[in-house]
Amino acid sequence: MTSSTQKTRLSPCIGCGRTDTPIDQRITGWQMCRPCTKRRRNHPAPCPTCGLVRVLAFPLGKQAVCTTCAGAPPLFECPNCGEESHPYGKVCARCTLATRATELLTDPATGHLNQQLRPLLDYWINSVDPRTPLRWVSQSQASTDLLRQMACGQSSISHVAFRQLPPTKPNDYLRNLLVSIGILGPWEPHVDRFISWLDTEIAPRLEPECAFTINSYARWHILRNLHRHASNGTLTQAVANSARIRVRAAIEFCELLARRGVSIEDATQVDLEELISNSPGYNRTKTIASFIAWARKTRVNRNLTASGEPWPNATVTISTEQHWSDVERLLNEDHHPAHIRLAGLFTLLFAQPLNRIVAMRLQQIHVTETDVLVTFANDPIEMPPILDDLLRNYLTTRADRLVETSDPGWLFPGGQPGRHLVTEVFRRDLTAIGIKPYESRKASMFHLAARIPAPVLAGLLGITDRNAAAWAKLSGRDWSAYIQHRDEAGQKGGTHAI
Ligand SMILES: [Zn+2]
Ligand SMILES: [Zn+2]
Ligand SMILES: [Zn+2]
């Protein structure tokens, strides 16, 4: 036993084959160098004999097994809990986490763990890989400072408390974490920020003459609209921005009236026209239209009219060649991240809007031995070649992340706990690689509407019957040109949707 461990230079390490590294003398039965033992200690794996995740550094025949199976004295167990699966320092990562998190969530004045935050402690300690929360507890100073204040009762554990803080990433992260564990109820960031914006930036600066009208308009009409978007899953950054622009336009109009000593009830079309003509190069008609419509509807003033531009009709601004070349690129250029390629292809091939793509769930994808089916609306659609493999591979990596119990099963999980990616990420990344999601989606609608009856299309893609019919009409008109373009595009193998 001792003679073999003492002569270190002649026999090679059974792990790396080197003869110039010091042998780990604690392990008998074979010669393994210290760096190899350390590597194995840091990367425990299922033991081939007992199946438990242990440090495999001990000999049993020619196999490396765990200490128990080799009948060797324990070397790498956590002295606290006996686990080997997550080595950290003197004790394992889970035990270190338990100590640090308990300390963080305990009020030093009373020595009591904050009971409202106890579920957070349980959630951390029971996480599959305790190293992730341990890293967060040890490194995220801004979030942990806030959490400490909450634990001590210096700050309440509520959405109200968060609303008074700047919307920084660490604050949002902590807030989403508390929501995902159920310590706080759900919240809608865009609605929440709109309310904060009204309270802190708008309300204090309103002229007294305008305050009542603007408050009613913003808090009843605009805010209700935002809530409606939120429940439909269409509340994007663009919608939130537009809400603020509309409120600002209304303020501008009310202030113009106040300067003239005219109340909103007595305002005339001349006043309104002046506001519109005062804003050259900027579509004031469109931004004030919602306020005027509200004023009419609520009988504040029924003499004013402003019609914003109608929504753009079904039109296509991307050529067929461009459309299919974008599809080809997304299918074949594998240096782009998989989630960006998938989102792009869902838009380009199946006319899915980005706000619906970001909120897709894993249950919408059904993988069989031969096919990959995606249910965008009511009926599953078989994915074309390449896209099916892309999805299969993506799901494998996504499954690796699907480890925490609070994972709500988003297809595209975001960086914030419990939340999916936001549309702006997809829009930015697709635009960065030369793909215009909005225009591409319209081109896709055109191609699909040309081939599939409107009601079927509505059921497959989740668009309204009316919308599908409008596209069918447009496609029908250009049917011959479409066929010709498609033939010219060479029927590129398998890229046609559905
Ligand atoms: Zn070695
Ligand atoms: Zn074993
Ligand atoms: Zn331990």
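The table that follows gives values for the structure above.
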{"read-out": "Top-ranked residue in segment 71-90 [being surrounded by 13 or more Cβ atoms within 10 Å (Cβ to Cβ) and of a type in the set (Gly, Ala, Ser); ranked as nearest to LEU120 (Cα to Cα)]", "value": "SER85"}
{"read-out": "Residue in segment 118-128 that is outside any helix (DSSP H, G or I), open to solvent by 30 Å² or more (accessible area, probe 1.4 Å) and either more than 16 Å from ligand 1 (Cβ to nearest atom) or over 22 Å from ASN171 (Cβ atoms) (or both) present", "value": "yes"}
{"read-out": "Residue tally, condition in contact with a helix residue (DSSP H, G or I) (Cβ under 9 Å, 6 or more places away or on another chain), among the hydrophobic types (A, V, I, L, M, F, W, C) and either open to solvent by 60 Å² or more (accessible area, probe 1.4 Å) or farther than 19 Å from GLN25 by Cβ (or both), over segment 40-70", "value": "4"}
{"read-out": "Cβ pairs under 6 Å, 6+ apart, first in segment 73-98 and more than 16 Å from ligand 1 (Cβ to nearest atom), second of a type in the set (Val, Ile, Thr) and at pLDDT 90 or above", "value": "PRO74/THR67; PHE76/VAL55; CYS78/VAL91; ASN80/VAL91; GLU84/VAL55; TYR88/THR96; ALA98/ILE125"}
{"read-out": "Qualifying position, being surrounded by 13 or more Cβ atoms within 10 Å (Cβ to Cβ) and touching a residue at least 60 places away in the same chain (Cβ under 8 Å), among LEU104, LEU113, LEU177, LEU147", "value": "LEU177"}
{"read-out": "Yes/no for GLY434 being surrounded by fewer than 18 Cβ atoms within 10 Å (Cβ to Cβ), outside the structural domain of ALA230 (by TED's automatic domain parsing) and touching a His at 6+ places or on another chain (Cβ under 6 Å)", "value": "no"}
{"read-out": "Any hit, segment 91-100, residues being surrounded by fewer than 16 Cβ atoms within 10 Å (Cβ to Cβ) and either in a loop (DSSP other than H, G, I, E, B) or within 13 Å of ligand 3 (Cβ to nearest atom) (or both)", "value": "yes"}
{"read-out": "Subset of segment 369-382 (residues that are at pLDDT below 90 and over 21 Å from LEU421 (Cα atoms))", "value": "GLU369, THR370, ASP371, ASN378, ASP379, PRO380, ILE381, GLU382"}
{"read-out": "Condition met for LEU165 (in a loop (DSSP other than H, G, I, E, B) and among the aliphatic types (A, V, I, L, M))", "value": "yes"}
{"read-out": "Any hit, segment 50-57, residues being within 16 Å of ligand 3 (Cβ to nearest atom) and free of Cβ contacts under 8 Å to residues at least 24 places away in the same chain", "value": "yes"}
{"read-out": "Checklist (1) open to solvent by less than 70 Å² (accessible area, probe 1.4 Å); (2) in a helix (DSSP H, G or I); (3) under 25 Å from ARG428 (Cβ atoms) applied to ILE251, failing item", "value": "(3)"}
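The values are calculated or read from the model by the stated rules, or taken from the named source; none is laboratory data. Treat the numbers as computed from the prediction; the structure is a model and nothing was measured. When we count neighbours, we look across all protein chains shown, and the Cβ atoms used for this are built from the backbone with ideal geometry, even at glycine. Each accessible area value is taken on the protein alone, full model and side chains, heavy atoms only, with ligands, DNA and RNA left out. Shrake-Rupley method; radii C 1.70, N 1.55, O 1.52, S 1.80 Å.
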